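Written below as structure tokens is the structure these notes are about.
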Amino acid sequence: MQFDAQWLLLALAPVFLACIAWEAWHLSRTPPRNALDGATDSARYAWPDTLCNAALALMHQGADKLAWLVAVPVYAYVYRHFRLVSWQPGLTAWSALFVAQDLLYYVFHRASHRVRWLWAAHVVHHSSERLNLSTAFRQSLMYPVAGMWVFWIPLAMLGFTPTQIVAIVLINLAFQFFVHTQVIGKLGWLEYVINTPSMHRVHHARNARYIDRNYAGVLAIWDRLFGSYVEEDTRDAPDYGIVKPLASCNPLKATFHEWLAMARDFARMPDWRARLAALFAPPDWCERHDALRLATAMSGAPQGVSENNTEGEFGSRNT
């Protein structure tokens, strides 16, 4: 575990670019299977979308480097003063780090769909209506502001050094590059072990049965264990993007549109409880709040009777 993952990712960059080039070439030679098949079209590369993905990747990388300058000292402080275990280098320590970080990634990813403050950053990754390998580069520079780095603090408490934490986070994200494709079908028994392209296509879909499902980073076990797994169904082909389409390939709009919407909702809420909910409740809370107030006003019932009522977790990603 004593190596610099930054160099690993630098070495993988040509591999990533070669995979994108091959996928784009392959898709350019692949006609739709039938007149109603949109899978090939939603996988094809389009210059505006691909350039937006590239710009977002560069912006994200710059913000990420700055974020580590803040996060690494925090991890070091927690490691020095609060660690619970001291690991000997070896396979056992590496395995524990891998499993612990992958579980924390699942927690972070699920929270990013359930907490609007986190969703405001994560929505960037979901805002394209195409899904191909370049979509993996579609990341937000606002992740540090949203607090992604906070989710890795428990790793320092578990006795892992800042270098090890940064390394395993980057390795986990590097693996996920390969699941952003429609070229690869289901992978048999591997679907029960690791995150696969089929699993991740479900995650990027806005179909009602697919929304807010399959949060896996590397291991598939967490979705099955915590009830968030849904299998891809050929009878319900994934439709990619967010429920309210972004309709823009401007990387700045992709980055900030939800932050601006959240700020507007925060400002118009009637009291501090509602303002906090506009920031930290599920992404669709404001719409349900408005609908309830309207229904209450139309029915003549007292205002605020059920404003804290919420729906079930799934099916609410609507920004």
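Where a number appears in this text, it was derived from the coordinates with a stated rule and is not lab data. What you are looking at is a predicted structure, and each value in this text was computed from that prediction instead of being measured. When we count neighbours, we look across all protein chains shown, and the Cβ atoms used for this are built from the backbone with ideal geometry, even at glycine.
Some notes on this structure:
- Cut-off 15 Å between beta-carbons: net charge of the residues surrounding Ala21, Lys and Arg +1, Asp and Glu -1: +1
- Lacking any other cysteine beta-carbon closer than 4.7 Å, the following Cys residues of the chain have no compatible partner: Cys19, Cys286.
- From its DSSP helices (H runs of at least four residues, each -39,500 (n - 2.57)), the chain gives a residue-normalised ellipticity at 222 nm of -18000 deg cm²/dmol.
- Evaluated with a Cβ-only charge set (Lys, Arg +1; Asp, Glu -1), region 5-183 carries a dipole of roughly 300 debye about its Cα centre, given to the nearest 20.
- Taken about its Cα centre, the chain carries a charge dipole of roughly 380 debye when the Cβ of each Lys and Arg holds +1 and the Cβ of each Asp and Glu holds -1.
- Straight Cα distances below 30 angstrom link Lys186 to the lysines Lys244, with same-chain residues fewer than 8 positions distant left out.
- Simple rule: put +1 on each Lys or Arg Cβ and -1 on each Asp or Glu Cβ in region 5-183, find the dipole, and look at Tyr75, Leu118, Ala13; the Cα lying farthest toward the positive end is Tyr75.
- Debye intensity ratio in log₁₀ form over the Cα atoms of region 5-183, taken at each q of 0.10, 0.16, 0.20 Å⁻¹: -0.46, -1.03, -1.39
- Translational D in µm²/s for the chain (Stokes-Einstein at 37 °C, 0.692 mPa s, Kirkwood Rh from C-alpha pairs): 156 µm²/s
- Summarising the amide proton neighbourhood of Leu219: residues at separation of 5 or more, or on other chains, whose placed amide H is nearer than 5 Å comprise Asn195.
- Relative packing of 237-249, 276-288, which averages over residues the other C-beta atoms within 10 Å, highest first: 276-288, 237-249
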